[in-house]
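This report concerns only the one structure given below.
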Amino acid sequence: MFFGHGGVDPTPVTTGRSYGAITSTAMDVDMLPQRVDMNFDDMMTRSGVPVSFHVVATFRVTDAYKLVTGFGADRDDKGSWGFWDRNIDQPLRTAVRDSVKKRDMQEMAIDQSAADAVGKEVSDAAEKIVAQMGVPIAFVPGGVNVGHVNPPDAIKNQRIETAAQEQRAITEQQRKLAEDQRKAAEMSRAAADNAYREEMHLSPDQFIQLEMIKMQYEVCRNQGACTFFVGSGPVPTLNVKR
């Protein structure tokens, strides 16, 4: 209180026991990799259709003393870094916006390589921003990643309907193919039956009677015993028309 000087001790306290003045205040700086989540809603693409997506940035602090003295190591109730909001958040969002504007909605929503390319461009921009401002952090390899890109609900519904129509067309095509195969099988069977009839010198009526006998045999064999009335049909003894 009466001797020495104030300020931040340039030597960080490491593991183990340490001593300090009771008037000093400790500031904890997490040196482990840190994660920052950034949400982008209705980000306009080159095709004029807005998309929504999530970006995750992962970094670690390289110099705790420089961070505390030059940029602040404060964190809010949600754990967000104050230096990130004050120095990096807005320039990085601008870099994301510029990168997304180069691409169409269809490309961003379907092609994963497009999202990976955006992540690479934003990672390079983030490293330049940090280097220009002198913020003592370093992004881990692949430190900026773009999550799943969501188009507007109207576009998603149209894509679902289109997929349903395409699937319906495929189903109809498969059904027609099955029907064509069944038709071919029936025609082959009919040709074989007709060839058998001609080889046995049977008339069409005789062949039909033969097939009927086969059917009756199968029914009686499964039931053990049965009775059939065989004939050409009843002949009326009265003229029912009169």
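The dipole here belongs to the chain: it is taken about the Cα centre, uses +1 on the Cβ of Lys and Arg and -1 on the Cβ of Asp and Glu, and is about 600 debye.
The orientation-averaged projection of the convex hull spanning the C-alpha atoms of the chain amounts to 35.5 square nanometres.
A simple spin-label model places pseudo-atoms 7 Å from Cα toward Cβ; at Leu177 and Glu161 they are separated by 2.8 nm. Each peptide in 194-201, 33-40 was scored by the mean count of other Cβ atoms within 10 Å over its residues; highest first, the order is 33-40, 194-201. For Gln90 and Ser52, a Förster radius of 22 Å and the Cβ-Cβ distance give a FRET efficiency of 0.70, rounded to the nearest 0.05. Counting every alpha-carbon pair across the range 64-186, the share separated by more than 22 Å comes to 58%. Using θ = phi - 60° in the Karplus curve 6.51 cos²θ - 1.76 cosθ + 1.60, the 3J(HN,Hα) couplings for the range 13-20 round to 7, 9, 5, x, 7, 9, 10, x Hz; x is entered for Gly and Pro. Taking every DSSP helix (H) stretch of at least 4 residues in the chain, weighting each as -39,500 (n - 2.57) and dividing the sum by the residue count yields a mean residue ellipticity at 222 nm of -15500 deg cm²/dmol.
Computed 3J(HN,Hα) for the range 93-98, one whole-Hz value per residue from the Karplus formula 6.51 cos²θ - 1.76 cosθ + 1.60 where θ = phi - 60°, is 5, 5, 5, 5, 4, 5, glycine and proline marked x. For Val51, the residues 5 or more places off, or on other chains, whose built amide H falls under 5 Å of its own are Asp42, Met43, Met44, Thr45. Computed over the Cα atoms of the range 23-82, pair by distinct pair, the Kirkwood hydrodynamic radius stands at 14.2 angstrom. Within a Cβ distance under 14 Å of Ala64, other residues only, what is the Lys/Arg minus Asp/Glu net charge? Within the 14 Å Cβ shell, the charges total -2.
Give the distance, in whole Å, between the Cα centre of the range 76-130 and the Cα centre of the range 27-57. Using only Cα atoms to place each centre, the spacing works out to 6 Å.
Each residue of the range 25-37 was assigned a 3J(HN,Hα) from its phi angle through the Karplus expression (A = 6.51, B = -1.76, C = 1.60, θ = phi - 60°), giving 10, 8, 10, 8, 10, 6, 8, 6, x, 10, 10, 10, 9 Hz with x at Gly and Pro.
Calculate how steeply helix 153-199 sits against the longest principal axis of the alpha-carbon atoms of the chain, using the helix alpha-carbon long axis, and give the answer as 0 to 90 degrees to the nearest 10. Around 30 degrees separate the two axes. Taking the accessible area of the range 1-160, probe 1.4 Å, and keeping the other protein chains in place, the carbon and sulfur fraction comes to 52%. Where in the range 188-220 is the amide nitrogen less than 20 Å from a point lying 7 Å along the Cα-to-Cβ axis of Thr227? Answer for this model: 213, 216-220.
The values are calculated or read from the model by the stated rules, or taken from the named source; none is laboratory data. All values derive from a computational prediction rather than experimental measurement. Don't worry about glycine lacking a Cβ; one is built from the backbone with ideal geometry, like all the others, and counts go over all protein chains shown. These accessible areas exclude ligands, DNA and RNA; they are computed on the full protein's heavy atoms, side chains included. Shrake-Rupley method; radii C 1.70, N 1.55, O 1.52, S 1.80 Å.
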